Every structure is written in structure tokens, then in C-alpha cells.
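Reviewing the structure listed below.
Any read-out appearing in this document is the output of simple, stated calculations on the displayed coordinates, not a laboratory observation. Being a predicted model, the structure only gives us computed values, none of them experimental. With ideal geometry, Cβ positions are generated from the backbone for all residues, glycine too; neighbour counts draw on all protein chains shown.
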């Protein structure tokens, strides 16, 4: 965990020094956090949370960073959906999912219990975020319904991660 914190701190230091990169970094982090298999290996939530204060303190416009994070999360889940749609149950044999069958089973139960809402709600729960879009594709959730839940949840998720830190810095007058 210490290595991950070190990586995160380096990335945040980079954004502080190169504010114009903030939207691109937010996009890549959100994409990695949302893309099915990659998200299990790419925990970026804490770095995205750390971007919030840097946005305000560095005088970076909030909207482009928020939009980039929402777009990255949307794209990551959309690709995951299509992977599930194409490979169906074969995704269970893809590493690292093949070594975590309980995660797929948990995601499947969540999907069957909550239907379209599982895509929206799953975005906010780390392990489920990694598999719910795959499962939605596997079980043939209509694409339009999936994308509506995907886009709306990505916009809310990005806002929830970035806005509190930016607002706190603004309130403190930094």
C-alpha cells in the first residue's frame, strides 16, 4: 500500500507542477478505474480524490477535469460492456477474473437484484465497479439503457470524487 501511496503522491505532484495535464490525467485514471480487468489492478480513486484540492489550489478550471474524468469512466465501462457482450460467459476465464470467481458471482447477484440500477450503483462500489458492466453485457442488457446508466453514474461519480476537495479549498480561501 505504501508503494501505491508513493505513486499517487508523485502523480499529484506532477499535476501541481503541470496543471494543463489535469484533464488528461483525470481521463486516464477514471478510464483505468472503470475498465473491467484493468480496474482490479489500477486503483486510482484516491488519486482522483486528491485532484480535487489541486484543481482549486492551482487555479485549474473544474469543468474540464470533471468532464474528462466522467468521459474516461464512461469509456471504460462502455468497453467493459462490449467485452461482456462479445465474450459472454467466457469472460470468467480471463485473468484476473479467473482467479476471483466470487467477484463475478457477487456482481451477477447484484445485477440480477438491481437490474439497470446496478450499473449506476455499482460505479460507487470498488469491486463491483470492475464487473457490473461486463455482466450487463453478458446478460444482454439493452445498450441504450446501459449507456444511460453508465453516463449518468460517471458524471455523478466524477463530481463526488473531485468536488468536495475543490470546494473545501475554495471555502478555505486557497
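Computed from Cα positions, the angle between helix 2-17 and the longest principal axis of the chain comes to roughly 50 degrees. Kindly express, to the nearest 10 degrees and within the range 0 to 90, the angle between helix 62-87's C-alpha long axis and the longest C-alpha principal axis of the chain. Between helix and principal axis, roughly 20 degrees. Against the chain, whose longest principal axis is taken from its Cα atoms, helix 101-114 shows a tilt of about 90°.
Between residue 109 and residue 24, the modelled labels are 4.4 nm apart [label points 7 Å from Cα along Cα→Cβ]. Taking each residue as 0.36 nm, the span from residue 144 to residue 102 lengthens on full extension beyond its C-alpha to C-alpha distance by 12.3 nm.
For residue 61 and residue 41, the difference between the fully extended length at 0.36 nm per residue and the C-alpha to C-alpha distance is 4.3 nm. Packing here is the average count of other Cβ atoms within 10 Å per residue, and on that basis the peptides 147-158, 74-85, highest first, run 74-85, 147-158. When shorter helices are ignored and each DSSP H run of at least 4 residues is given -39500 (n - 2.57), the per-residue value for the chain at 222 nm works out to -25000 deg cm²/dmol.
Here the translational diffusion coefficient of the chain follows from Stokes-Einstein with Rh set to the Kirkwood radius across Cα pairs; for 4 °C and 1.567 mPa s it amounts to 79 µm²/s.
The calculated FRET efficiency for residue 17 paired with residue 170, based on their beta-carbon distance and R0 = 30 Å, is about 0.90.
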